[in-house]
Amino acid sequence: MSEGQRYSAKEAERRWQDEWSKQRIFATDNDDPRPKYYILEMFPYPSGRIHMGHVRNYTMGDVVARFMRVRGHNVLHPMGWDAFGMPAENAAMQNRVHPKDWTYDNIASMRGQLKLMGLSLDWDREFATCDIDYYSQQQRLFLDFYETGLAYRKNARVNWDPVDHTVLANEQVIDGRGWRSGALVEQRDLTQWFFRITAFSDELLTALDHLDRWPDRVRLMQRNWIGRSDGLRLRFEIAEAKRTDIEDLEVFTSRPDTLFGASFLAIAPDHPLADTIAATDPMLADFIAACRRGDTSAATLETAEKFGHDTGVKVVHPFRPRERLPVYVANFILMEYGTGAVFGCPAHDQRDFEFATKYGLPIRAVVAPVDRFDNESDLVAWLEQFMAGEEAYVGDGQLINSDFLDGLSVPDAKEEIARRLENSTLGDAPQAVRQTNYRLRDWGISRQRYWGCPIPIIHCDNCGVVPVPIEDLPVKLPDDVSFDQPGNPLERHPSWSHVACPKCDGPARRETDTMDTFVDSSWYFARFTAPRASNPTDRAAADAWLPVNQYIGGIEHAILHLLYARFFTRAMAATDHLGLSEPFAGLFTQGMVAHETYRRIDGTWASPAEIVIEEKDGRRTAIDKATSEAIEIGPIEKMSKSRRNTVDPTDIIERYGADTARWFMLSDSPPERDVIWTEGGVEGAHRFIQRIWRIVSDAATDPAWPAGTLAAQQSFTPAALELRRTAHRILKAVSDHFAALRFNVAVAKIYQLVNAVAAVEPSARRGDVSLALAHREALELTVQMMAPMVPHLAESCWETLGYSDLVATRDWPQPDPALLVEDTILLPVQINGKKRAELTITAGAADSDVENATLALEAVQKALAGKPPRKIIIVPGRIVNVVV
RNA sequence: GCGGGCGUGGCGGAACUGGUAGACGCAAGGGACUUAAAAUCCCUUGGGCUUGGCCCGUGCGGGUUCGACUCCCGCCGCCCGCACCA
């Protein structure tokens, strides 16, 4: 091979990127009449550099976009920036750079990096969520939500970092300390803004059933997160009520069937009844204070012991009027869930069991797995065993020791209790009502930060909370802010927050909180359909484009982002900004990019760029480039800054080209699983790129290269026909695999075709025109099939094959149905289910012919040894099984 | 603890609706070309045996079936999510 034929990715990639951009082939027109297809990858946070996770995500989306485009769709494939957030403010504090400058600088460099990848994006639609144009429309949405009651203000207990002067999300509290400042986090009651996501609890839950193009895993996670629980809210009468003036205590339970096993009630430390009693009970007051100091992090709760304090108050059992149940304040009861009070049935709830054991409360079994029993003595034995054990029985069964419920199943007993208590009264109201509770809470969106979307509200001493009039939008973030002290710069800005009340014109203050950045990403997909519209959406455009046909992103957003976006879509429908309820018809969660780790003797991590791998006798050793010292090769882990096992995409693109990076990302690993980035794998991908180029340029310059295509060719030699069959079969397979996002299998199929093409000797082509034509066809199909994955190389090959148009705009080829069916097939023949022979036979042969041919086979004759077969199973076109 | 997923060669993985297990790639070994190397090309590569053939083999043990990586039951291991939610 002559040396001049090496493919220069760098030159070719720049050239084709310029060409695509010049011809504007990826700019999307809303009025294009072809069927629409909206493909979206989760937009990036502009941290400064793209990472391999981005490369993988955007490569997958790009394959789908390019594939759907050549399949005749009007494809929307936009890109933007999730640009508000803490890192910009941290940078401002550390490096004295303005968050806005930092963010837009990062966007500029990341945009440049993304462009090197050759993505088929409509850059005309690009925006950043920190653009005034975007966040002003978001303020408009907020006002509409406020108007309809979907946004509201309430007091809430929050994690407060006293050093940074801000609210922290639960995930930002580590061992009770602020993740950034390290300060002990306080619980504070603050007035915060909320979105009423719980208005849609049930809808968000039930609609999951219809999202059949979402991974089950994600749907399940959302189901658990929403946490529907059907039960009964029931009131207990307080005995000797005069002590508190409170006459009843309401609990929520999903197990009303176990009411006869109740032995205590427990209320949350911040329950109103606890407060009332604590006023005259210093010991209880101390107990409550201790609970409040307690660490609320999940890790602590896991091992936390259950503590309670007897209030001395007693309640009356609804069906056993003479029985009194003690009321405890307990540290494991949450005021936010249900009524902040439960009845404890120790026999059938593990938590209650532990509590009862600790405080010596009765444990009465009222449900038994009776289907396991043959007689009464079995039940007695079971009860004895249960009482001796240390676990509650939470399984199914039949009611025992429960008066009128005895013998009923758990569901029937629940129903019977509900029916009776609904129809009896306590005071003036029914003693119980059926209720469905959800774990899902309203979404607190207030953040005491500068770099976010200002909440468009004004607080007036006379008029109270006054929304900013729509005509006064946007509420712009001031530029002149300082980050030299902790806290919210908006709050200490000398003039920004001081405004006249829109209602009374009196002196008033702006809301200085900004919105959680999850708000920004909850509707960007809708904005892309008409990014310059003067309203949040252009209804015609949004209705035409949405839902997103295929959304691709990381599993880490399975709950929060995807749930918020589903809520937002409903809230925007309720305020007439959208006309649908589910934003993403298809969701794909891609795996992460992992890499080996390298650790020096002193414990510091070395990056892949700092080491050299040496191989001796099959053993790999890492050597520090700088010091020549040996470095331990550690386990393969997700690429992360902390372990320094990252590979910079631009280094790879610089060295091998974008197509190599893209091809590697798509090969081998199934897209939903983690991919391990290896130097060897990248080299392999690069060799493939070079090989394709060599095959194409050799073929096109070969004397045997046919001038025309095979349209006019009447007859094909067997070799030519076989090649055509292979090519068309693989074309069909690759089309299917692309549609199903099985890129790794599509890659394998393309390798197969390339191998078949490369196996055709030039000498054979020279002597056989039909083979030369079939070879040319197979090569062209290969290039077209590769094009969505390695678009630059494909353009170069397409040009070399003699075409002057772009392969990116060529219609996707259709497999010839006649070539997909075989004349003769190779049928595996099994004897007793094990493959023993093969049978070459005409496709579609009658079963009797197959049977006769099978029986004539030597291996079959041998196995039968003269006897007739017991049975012959023929699965047409698939297999024959002879049972001897 | 609850819920979900996954276990296939030295490695990543493929295998339709239950129908030829190991496609394709990587790695390894052998060979060709070359003064040499790189690059490229060709061959071999699940294990075993008495090797023109046979036996075993998809985490382990059972089952259903003419036939099981695939379905069912019971284990073992790994990974992920949630977690005092009544």
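The values are calculated or read from the model by the stated rules, or taken from the named source; none is laboratory data. If you're wondering where the values come from, they're calculated on a predicted model, not measured in any experiment. Glycine also receives a Cβ, built like all others from the backbone with ideal geometry; neighbour counts cover every protein chain displayed.
Can you tell which of A:249, A:205 is of a type in the set (A, V, I, L, M, F, W, C) and either out of contact with any helix residue (DSSP H, G or I) (no Cβ under 8 Å at 6 or more places or on another chain) or under 30 Å from residue A:455 (Cα atoms) (or both)? So the residue among A:249, A:205 that is of a type in the set (A, V, I, L, M, F, W, C) and either out of contact with any helix residue (DSSP H, G or I) (no Cβ under 8 Å at 6 or more places or on another chain) or under 30 Å from residue A:455 (Cα atoms) (or both) is A:205. Restricting the search to the stretch A:358-398, which residues are of a type in the set (Ser, Thr, Tyr) and under 21 Å from residue A:314 (Cβ atoms)? Hit for the stretch A:358-398 is A:359, nothing else. Quick check on the stretch A:870-879. Is at least one of its residues away from RNA strand B (no atom under 12 Å from the Cβ) and out of contact with any Asp or Glu (no Cβ under 6 Å at 6 or more places or on another chain)? No: zero hits. On inspection, residue A:820 does not qualify as in contact with a Pro (Cβ under 9 Å, 6 or more places away or on another chain), in contact (Cβ under 8 Å) with a residue 24 or more places away in the chain and over 28 Å from residue A:694 (Cα atoms). Within the stretch A:650-674, the only residue that satisfies the criterion of being of a type in the set (Gly, Ala, Ser) and in contact with a strand residue (DSSP E or B) (Cβ under 6 Å, 6 or more places away or on another chain) is A:669. Against the test of being modelled with pLDDT of 80 or more and either surrounded by fewer than 14 Cβ atoms within 10 Å (Cβ to Cβ) or in contact with a strand residue (DSSP E or B) (Cβ under 7 Å, 6 or more places away or on another chain) (or both), the options A:204, A:190 yield a single qualifying residue, A:190. When residue A:159 is tested against the conditions (1) free of Cβ contacts under 8 Å to residues at least 12 places away in the same chain; (2) touching a Leu at 6+ places or on another chain (Cβ under 6 Å), the lone failure is (1).
The rows are residues; the columns are (1) crowded, with 19+ Cβ neighbours inside 10 Å; (2) near RNA strand B (Cβ under 9 Å from one of its atoms); (3) in contact (Cβ under 8 Å) with a residue 40 or more places away in the chain.
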{"site": "A:216", "(1), (2), (3)": "no, yes, no"}
{"site": "A:228", "(1), (2), (3)": "no, yes, yes"}
{"site": "A:231", "(1), (2), (3)": "yes, yes, yes"}
{"site": "A:234", "(1), (2), (3)": "yes, no, yes"}
{"site": "A:247", "(1), (2), (3)": "no, no, yes"}
{"site": "A:251", "(1), (2), (3)": "yes, yes, yes"}
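Among the residues making up the stretch A:851-884, those that are in contact (Cβ under 8 Å) with a residue 40 or more places away in the chain and within 16 Å of residue A:826 (Cα to Cα) are A:877, A:878, A:879, A:880, A:881.
Restricting attention to the stretch A:386-401, the residues that are closer than 17 Å to residue A:352 by Cβ and among the β-branched types (Val, Ile, Thr) add up to 1. Inside the stretch A:81-90, residues that are under 19 Å from the mean Cα position of the chain (by Cα) and either buried (at least 23 other Cβ atoms within 10 Å of the Cβ) or among the basic types (Lys, Arg) (or both) make up a count of 1. For residue A:844, indicate whether it is in a loop (DSSP other than H, G, I, E, B) and more than 24 Å from residue A:12 (Cα to Cα). So residue A:844 passes the test. Among the numbered conditions (1) within 16 Å of RNA strand B (Cβ to nearest atom); (2) under 22 Å from residue A:231 (Cα atoms); (3) among the aromatic types (Phe, Trp, Tyr), the only one that residue A:404 does not meet is (1). Of A:131, A:124, all but one fail to be out of contact with any helix residue (DSSP H, G or I) (no Cβ under 9 Å at 6 or more places or on another chain) and surrounded by fewer than 16 Cβ atoms within 10 Å (Cβ to Cβ); the exception is A:124. Checked against (1) more than 15 Å from RNA strand B (Cβ to nearest atom); (2) surrounded by fewer than 18 Cβ atoms within 10 Å (Cβ to Cβ), residue A:365 passes all but a single condition, namely (2). Only one of the listed residues (A:206, A:276, A:258) is part of a helix (DSSP H, G or I), away from RNA strand B (no atom under 12 Å from the Cβ), closer than 27 Å to residue A:418 by Cα and among the β-branched types (Val, Ile, Thr). That residue is A:206.
Beta carbons closer than 7 Å, at least 6 apart along the sequence or on distinct chains, pair a first residue in the stretch A:558-582 that is assigned to a loop (DSSP other than H, G, I, E, B) and among the charged types (D, E, K, R) with a second that is surrounded by fewer than 17 Cβ atoms within 10 Å (Cβ to Cβ) and modelled with pLDDT under 95 for A:582/A:207. All of A:731, A:771, A:753 fail the test of being surrounded by 23 or more Cβ atoms within 10 Å (Cβ to Cβ), within 30 Å of residue A:59 (Cβ to Cβ) and in contact with a Ser or Thr (Cβ under 7 Å, 6 or more places away or on another chain), apart from A:753. Looking at the stretch A:368-379, can you tell me whether even one residue there is within 38 Å of the chain's Cα centre (by Cα), crowded, with 20+ Cβ neighbours inside 10 Å and either over 30 Å from residue A:274 (Cβ atoms) or within 16 Å of RNA strand B (Cβ to nearest atom) (or both)? No - not one qualifying residue is present in the stretch A:368-379. With respect to the conditions (1) in a strand (DSSP E or B); (2) surrounded by fewer than 16 Cβ atoms within 10 Å (Cβ to Cβ), residue A:471 falls short on a single one, namely (1). Applying the criterion of being aliphatic (A, V, I, L, M) and either closer than 17 Å to residue A:442 by Cα or within 7 Å of RNA strand B (Cβ to nearest atom) (or both) to the residues of the stretch A:324-340, the residue that is nearest to the chain's Cα centre (by Cα) is A:334.
Apart from one condition, residue A:506 fits all of (1) closer than 29 Å to residue A:198 by Cβ; (2) at pLDDT below 95; the exception is (1). Residue count for the stretch A:515-540, restricted to those that are touching a helix residue (DSSP H, G or I) at 6+ places or on another chain (Cβ under 9 Å) and in a helix (DSSP H, G or I): 8.
Scanning the stretch A:209-237 for residues that are more than 27 Å from residue A:434 (Cβ to Cβ), hydrophobic (A, V, I, L, M, F, W, C) and part of a helix (DSSP H, G or I) yields A:218, A:221.
Counting the residues of the stretch A:476-511 that are among the hydrophobic types (A, V, I, L, M, F, W, C) and more than 28 Å from residue A:103 (Cα to Cα) gives 5. Among the residues of the stretch A:828-840, which ones are part of a strand (DSSP E or B), within 10 Å of RNA strand B (Cβ to nearest atom), more than 44 Å from the chain's Cα centre (by Cα) and not charged (D, E, K, R)? The answer is A:829, A:830, A:831, A:837. When the stretch A:275-299 is filtered for residues that are of a type in the set (Gly, Ala, Ser) and either farther than 20 Å from residue A:352 by Cβ or at pLDDT 90 or above (or both), the ones remaining, listed by number, are A:278, A:279, A:285, A:289, A:290, A:297, A:298, A:299.
In summary, residue A:431 fulfils each of the numbered conditions (1) modelled with pLDDT under 90; (2) touching a strand residue (DSSP E or B) at 6+ places or on another chain (Cβ under 6 Å); (3) surrounded by fewer than 22 Cβ atoms within 10 Å (Cβ to Cβ) with the single exception of condition (1).
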